[in-house]
There are 2 protein chains.
Amino acid sequence: MRLENLPEIRKFKLFKTMSEENFDAVMQAAYLQNFPAQVRLVTEGDEADFLFLVVEGCVELFATANGREATMAMIKPVGSFILAAVIKDARYLMSGRTTEKSRILMIPAKNIRDSFEKDSAFALAVVTELADCYRSVIKEYKNLKLRTAVERLANRLLEYHCEQGETGVIELPYDKKRLAALLGMTPENLSRAFVTLKPYGVTVSGSSITLSDMKGLITLAKPNLLIDRHAG
Amino acid sequence: MRLENLPEIRKFKLFKTMSEENFDAVMQAAYLQNFPAQVRLVTEGDEADFLFLVVEGCVELFATANGREATMAMIKPVGSFILAAVIKDARYLMSGRTTEKSRILMIPAKNIRDSFEKDSAFALAVVTELADCYRSVIKEYKNLKLRTAVERLANRLLEYHCEQGETGVIELPYDKKRLAALLGMTPENLSRAFVTLKPYGVTVSGSSITLSDMKGLITLAKPNLLIDRHAG
DNA sequence: CGACGATTTGAATAGGATCAATGGGAGTGG
DNA sequence: CCACTCCCATTGATCCTATTCAAATCGTCG
């Protein structure tokens, strides 16, 4: 593959500790491709042929059943997806599609599994990454089961605020439709949740959100170290 | 520790491939203890000092926030819990309590992490176990997001039916209160869900359930390979 | 300007939760 | 063996959250 993005990939936590030799071998076999928005990269039920890395852009992971659809996660650079299926040599449990123009690195699953056996530093990185993924899903599950829609939104806003430098103004990272799906609600309900948060200093203007009463919002959201990335 | 249950522990997938030497060392440091029902073994937020194995009995994993409580999983013999926290040397995201008289093996986290580094066969087993755990939570998450309460119950009944030998009669593995919590509903709602399933051949008599219209029940449940252990 | 998709708002509905009351065993003590 | 008690399960009534369906509005892009 071409090397323009190699340095950042090398810095990604999965590969940082990998031996030079294995890294080169893996990248030799990998494909770096550009995709437009709305391209389906993987479909649930398919065999795990590749590990995916989002190098630029964004990928939405989602699942379907009974005619319903649920957004499971959004993957931003540099992040991997469906590592567990690759390691287990199993079928994907989720589908993935780009939500914007994206640059995606596809690594044949076999190369990952081979390196895993040859390179113990890489094996450790895989375990750590898997443990992180596991803990993230547990947190999402708790978020969904233990909070109302308004509380989930409030905490998500606090998270973005934290990520974006605590300036009092947030830019939503996706359109509201997708944000709603990610939070486990309908777009209509998200709209209403924003209205509910108005008394807590939340002002919406398109994709730009102003937070003018952090204290009040935090009181409502009750951020929790064991659920949220922000909090503390 | 005492050795009465050693053979079954040795057979547990986490330890099956471990070197004799490491297994002995790990078990040397472990404690096997009997607990009555309703004993809190771990509390979310605590540091991961031990990996736990359920040798006999049953442990309920649950989480709390905002005065609410959610059951995350039930662990039966032989099963481990909070492996991810142990590997990451992080805080537990879930609490665990026995639901019945149980025999629990407690392995100091440090021994697990040490063996993990020394024994590559064990490392592989850990990765596999973590990947399994991850995929299980994803399935639970899909189950919750993509199905109604009645559908979740129907599929759970089919799962138990499958596990228990497809005799047409199921014995519920826990009391209904806990089953309700596990399925993400209230006990009242579980009761009503059973009533809803009556036209599909589901007859309740205490903890014993009769299924007399498998075809109808399956049509309603729509079991899914990518969510359910049964199905197929 | 006009069209189309995204967002918001409104009204009606559904799925579950909560609150309250009743029924039913299992275990205890007489 | 029976009465009593307590806890669990069921049932009924009501409330609440969130979904659905419908319509209006906003924004953007050609």
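When the criteria are applied in full, A:T43 fails the requirement of being in contact with an Asp or Glu (Cβ under 9 Å, 6 or more places away or on another chain) and of a type outside the set (D, E, K, R). Could you tell me whether A:T196 is away from every other protein chain (no Cβ under 14 Å), under 15 Å from A:N155 (Cβ atoms), within 14 Å of DNA strand D (Cβ to nearest atom) and of a type in the set (V, I, T)? So A:T196 fits the description; yes. What's the total number of residues in the stretch A:107-146 that are within 16 Å of DNA strand D (Cβ to nearest atom) and touching a residue at least 12 places away in the same chain (Cβ under 8 Å)? Result for the stretch A:107-146: 5.
Take the conditions (1) hydrophobic (A, V, I, L, M, F, W, C); (2) touching a helix residue (DSSP H, G or I) at 6+ places or on another chain (Cβ under 9 Å); (3) within 12 Å of DNA strand C (Cβ to nearest atom); A:L182 misses just one of them, which is (3). A:G67 meets all of the listed conditions (1) modelled with pLDDT of 95 or more; (2) more than 17 Å from the chain's Cα centre (by Cα); (3) among the small types (G, A, S) but one, namely (1).
Yes/no matrix, rows are residues, columns are (1) touching a residue at least 24 places away in the same chain (Cβ under 8 Å); (2) surrounded by fewer than 20 Cβ atoms within 10 Å (Cβ to Cβ); (3) more than 8 Å from chain B (Cβ to nearest Cβ):
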{"residue": "A:T43", "(1), (2), (3)": "yes, yes, yes"}
{"residue": "A:E47", "(1), (2), (3)": "yes, yes, yes"}
{"residue": "A:V54", "(1), (2), (3)": "yes, no, yes"}
{"residue": "A:L61", "(1), (2), (3)": "yes, no, yes"}
{"residue": "A:A65", "(1), (2), (3)": "no, yes, no"}
{"residue": "A:V78", "(1), (2), (3)": "yes, yes, yes"}
{"residue": "A:F81", "(1), (2), (3)": "yes, no, yes"}
{"residue": "A:A85", "(1), (2), (3)": "yes, no, no"}
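Of all residues in the stretch A:50-85, those satisfying the criterion of being hydroxyl-bearing (S, T, Y) and over 20 Å from A:N5 (Cβ atoms) are A:T64, A:T71. Among the residues of the stretch A:131-181, the ones that are more than 11 Å from every other protein chain (Cβ to nearest Cβ) and surrounded by 16 or more Cβ atoms within 10 Å (Cβ to Cβ) come to 19 in all.
Summed over the stretch B:25-48, residues that are of a type in the set (G, A, S) and either at pLDDT below 95 or assigned to a helix (DSSP H, G or I) (or both) total 3. Can you name every residue in the stretch A:209-227 that is of a type in the set (S, T, N, Q), over 22 Å from A:K176 (Cβ atoms) and away from every other protein chain (no Cβ under 14 Å)? Answer for the stretch A:209-227, where residues must be of a type in the set (S, T, N, Q), over 22 Å from A:K176 (Cβ atoms) and away from every other protein chain (no Cβ under 14 Å): there is none. Just one of the listed residues (A:T167, A:T128, A:T148) is within 16 Å of DNA strand C (Cβ to nearest atom) and β-branched (V, I, T), and it is A:T148.
On inspection, A:F62 does not qualify as more than 16 Å from the chain's Cα centre (by Cα) and either within 30 Å of B:L146 (Cβ to Cβ) or of a type in the set (D, E, K, R) (or both). Each residue in the stretch A:185-206 was checked for being farther than 17 Å from A:E171 by Cβ, surrounded by 13 or more Cβ atoms within 10 Å (Cβ to Cβ) and within 7 Å of DNA strand C (Cβ to nearest atom), and 3 of them qualify. Of all residues in the stretch B:207-232, those that are loosely packed, with under 14 Cβ neighbours inside 10 Å and under 23 Å from the mean Cα position of the chain (by Cα) total 4.
The values are calculated or read from the model by the stated rules, or taken from the named source; none is laboratory data. What you see is a predicted model, and the numbers here were worked out from it, not measured in a lab. All Cβ positions, glycine included, derive from the backbone under ideal geometry; neighbour counts span all protein chains shown.
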